[in-house]
Amino acid sequence: MAGSIAMTTAPTTARTRNAITEPVLVRILLTLIACGFLVLFLVVPLAAVFAQALKKGVGVYFASLVEVDALAAIRLTLLTAAIALPLNLVFGVAAAWAIAKFEFFGKSLLITLIDLPFAVSPVISGLIYVLLFGLQGLLGPWLAAHDIKVIFAVPGIVLATIFVTFPFIARELIPLMHAQSADEEQAAISLGASGWKTFLRVTLPNIKWGLLYGVILCNARAMGEFGAVSVVSGHIRGLTNTMPLHVEILYNEYNFAAAFAVASLLAMLALVTLALKSIVEWKACRQLQLLDASHGENS
Amino acid sequence: MFRRVRQKRALPGFGLTLGYTLVYLSLIVLLPLACLMLKSTSMTWGRFWSTVTDPRVVASYKLSFGASLAAAVINTVFGLLATWALVRYRFPGRKLIDALVDLPFTLPTAVAGIALTSIYAGNGWIGQYLETWEVKVAFAPLGVVVALTFIGLPFVVRTVQPILEDLDPEIEQAAASLGAARWQTVRRVILPELLPALLTGFALAFARALGEYGSVVFISGNMPMRTEITPLLIIVKLEQYDYAGAAAIAVVMLATSFGLLLVINVLQWWTSSRRAMAL
């Protein structure tokens, strides 16, 4: 971006202008290669989802969405996200508050540990809960004796989803809250506001766009997770099938039109997520510019 | 261990938030991971070694490692080109394509898997043309590379983009005014500046590809010794109720991931210290 601004605004001669960009032919060629690569890997798969979903007509498309098992899968996916999201939200805010506003020993180790689930393969994320709660697992016999089912049941799916979406909100908030000084909170406390009120009235407005950004990404991953959930679910139709697992079952039964119909819902979710993400990025950018501007006036 | 050395400011809530963070982190992440380590120690060293060096498992390491490496290299080369075009040139649809780069982060992997399979299968949009040249992508190792390229696509673009945007055009002008040809400026001045970010993006894409499961299982065809990736073998072991075997393979994968995490941290530190020096 900086290059193009300099190209159009700097009072340079034609020779130096040519010196910091490429010949027209090279520019066109590079743009075509770049766009070709991105279209091949991003646009074509996306188009394929919708084309395959509508291949047998609109009737089949909607019929596969309102079918009993599909509806059960949609319900379970919504339920899972509705449990995982608030839990990771509370954790993310608590972790960011402790890490960004206070100094303590072992802080960078704690940040690394919070990021850990991103480094773990989804399959392993599911496996660890099978080893802990499964019949042969550490707590398995005790759970079986008390007739509590975690693996091949909804609690396992929720746990695996919480694990894979664990860092999203925390890692969005930590740098953001770190960058904002604690002076405003300090002032509110010294004027007699309670800690909770200070958080709601002072901290929250400053971090709201970052928070929303984290929630959006966390939600997309929670609803779309496949590997981890697949290990703990047991694939029981109508009971422990989330939407991505339902897609897999339909696909393996060669019911392609229905598989792609459910997949198209998930693809739409991905597109809405991208759109919201762009809007939030734009808003956060404006908030930052406004903050900079007001700081500039003050100094 | 987390003894409070010095409280920076007199804000409330330190004990509560840190305590909650530690409890939640231990319950969700640390205890289950420790349980995995414990399970793998329940086998003897000899059995552990024979499980993780079984020919079928070794074949999966080769495919996972090779395909991830190939995908990361493709993403580094084309990701750099794409970033260059997105940052430096103006063309219609640029903002839309820029936003779409994050698609692999938000599109569920299973959806990506079946979409790519339908495109590259023998009767698919692209597969039918490749068929005439006798190139097989779906249900072949090449398909694994395609899926992993999709999954890793955003990493290089998103790590290099901010560095390229912040690059001071004056250094390019300086190089040009000192008589450097354009390609010399790019090779000697710009590329060295981008190198730490480029390597970070490469390592992130590679690490993500090693663990990927959802998009690969559809397109690979999962043929033993030929197109099985390592995460799939964990599932295979689980389906045979061989929990210790699954844990053993998982420990090998985890060790590799944590090693890569260390490398990535060093690379990120290098990138940010370079950036701080430049500013």
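In terms of the ratio Rg/(2.2 N^0.38 Å) built on C-alpha atoms, what value belongs to the stretch A:116-218?
My calculation over the Cα atoms of the stretch A:116-218 gives 1.55.
Rounded to the nearest 0.05, what FRET efficiency do residue B:56 and residue A:201 have when you use their Cβ-Cβ distance and R0 = 45 Å? The value I calculate is 0.15. When Rg and Dmax are taken over the Cα atoms of the stretch B:125-279, they come to 21.1, 69 Å. Given springs between every Cα pair under 10 Å in a Gaussian network model of chain B, which of B:226, B:88, B:158 has the largest fluctuation? It is B:88.
Overall, chain A carries a charge dipole of about 460 debye about its Cα centre when +1 sits on the Cβ of Lys and Arg and -1 on the Cβ of Asp and Glu, all other atoms neutral.
Electrostatic bookkeeping for residue B:53 treats Lys and Arg as +1 and Asp and Glu as -1; over the other residues with beta carbon under 15 Å from its beta carbon, the sum is +3. Here the Debye sum runs over all C-alpha atoms of the stretch B:1-123 as equal scatterers in vacuum, and log10 of I(q)/I(0) at q = 0.09, 0.10, 0.16 Å⁻¹ comes out as -0.66, -0.78, -1.04.
The calculated FRET efficiency for the pair residue A:26 and residue A:63, based on their C-beta separation and a Förster distance of 45 Å, comes to about 0.30. Placing pseudo-labels 7 Å out from each Cα toward the beta carbon at residue A:135 and residue B:226 gives an inter-label distance of 3.4 nm.
Considering only A:272, B:58, B:112, the residue lying farthest towards the positive end of the dipole of the protein assembly as shown is A:272, judged by Cα position with unit charges set on Cβ. Percent of Cα pairs in chain A per distance bin of 10 Å, from zero to the largest separation: 6, 19, 24, 22, 18, 9, 2, 0, 0.
For the protein assembly as shown, the equivalent ellipsoid derived from the Cα gyration tensor has semi-axes of 38, 34, 24 Å, listed largest first.
Cross-link partners for residue A:197 among the aspartates and glutamates, with Cα-Cα distance under 14 Å and sequence neighbours closer than 8 places in the same chain left out: A:184, A:185. Exceedance of the 30 Å cut-off in Cα-Cα distance is limited, within the set A:56/A:149; B:136/B:237; A:277/B:62, to A:56/A:149; A:277/B:62. Computed from phi, the 3J(HN,Hα) profile of the stretch A:83-98 under the Karplus parametrisation 6.51, -1.76, 1.60 (θ = phi - 60°) reads 8, 5, 4, x, 4, 6, 5, 4, 4, x, 5, 4, 5, 5, 4, 5 Hz, with x in place of Gly and Pro.
Note that chain B carries a Kirkwood radius of 21.9 Å, evaluated over its alpha carbons pair by pair.
Nearest 0.05, what FRET efficiency do residue A:103 and residue B:189 give at R0 = 41 Å with Cβ-Cβ as r? Taking R0 as 41 Å, the efficiency between residue A:103 and residue B:189 is 0.55. Relative to the 2.2 N^0.38 Å rule of thumb, the stretch A:146-278 has a C-alpha radius of gyration ratio of 1.43.
Averaging Cα coordinates gives a centre for the stretch B:11-52 and one for the stretch B:230-279; these two points are 15 Å apart. Around the amide H of residue A:103, modelled in the peptide plane, lie the amide H atoms of B:8, B:9, all under 5 Å away and 5 or more residues distant in sequence or on another chain.
Site pair residue B:239 and residue A:190 shows an inter-label distance of 6.6 nm when each label is modelled 7 Å from Cα along Cα→Cβ. GNM remark for chain A: springs join alpha carbons under 10 Å apart, and the peak mean-square fluctuation among A:84, A:145, A:70 falls on A:145.
Gain in length, residue B:171 to residue B:47, computed as 0.36 nm per residue apart minus the alpha-carbon separation, to one decimal in nm?
Separation in residues times 0.36 nm, less the Cα-Cα distance, equals 38.7 nm.
Couplings for the stretch A:122-139, taken from phi via the Karplus curve 6.51 cos²θ - 1.76 cosθ + 1.60 with θ = phi - 60°, read x, 4, 5, 4, x, 4, 4, 6, 5, 5, 8, 10, x, 4, 8, x, 4, 9 Hz in order; Gly and Pro are left as x.
When only alpha carbons are used to place a centre, the stretch B:105-156 and the stretch A:200-222 end up 34 Å from one another.
Extending 7 Å from the Cα toward the beta-carbon at both residue B:258 and residue A:71 defines two label points whose distance is 4.8 nm. Among A:159, A:173, A:113, the residue with the largest mean-square fluctuation in a Gaussian network model of chain A, with springs joining Cα atoms closer than 10 Å, is A:113.
None of the figures in this text is laboratory data; all of them are computed from the coordinates on show. Everything numeric in this text was worked out from a predicted model, so none of it was measured. Here the Cβ is made from the backbone with ideal geometry for all residues, glycine too, and neighbour counts use every protein chain on show.
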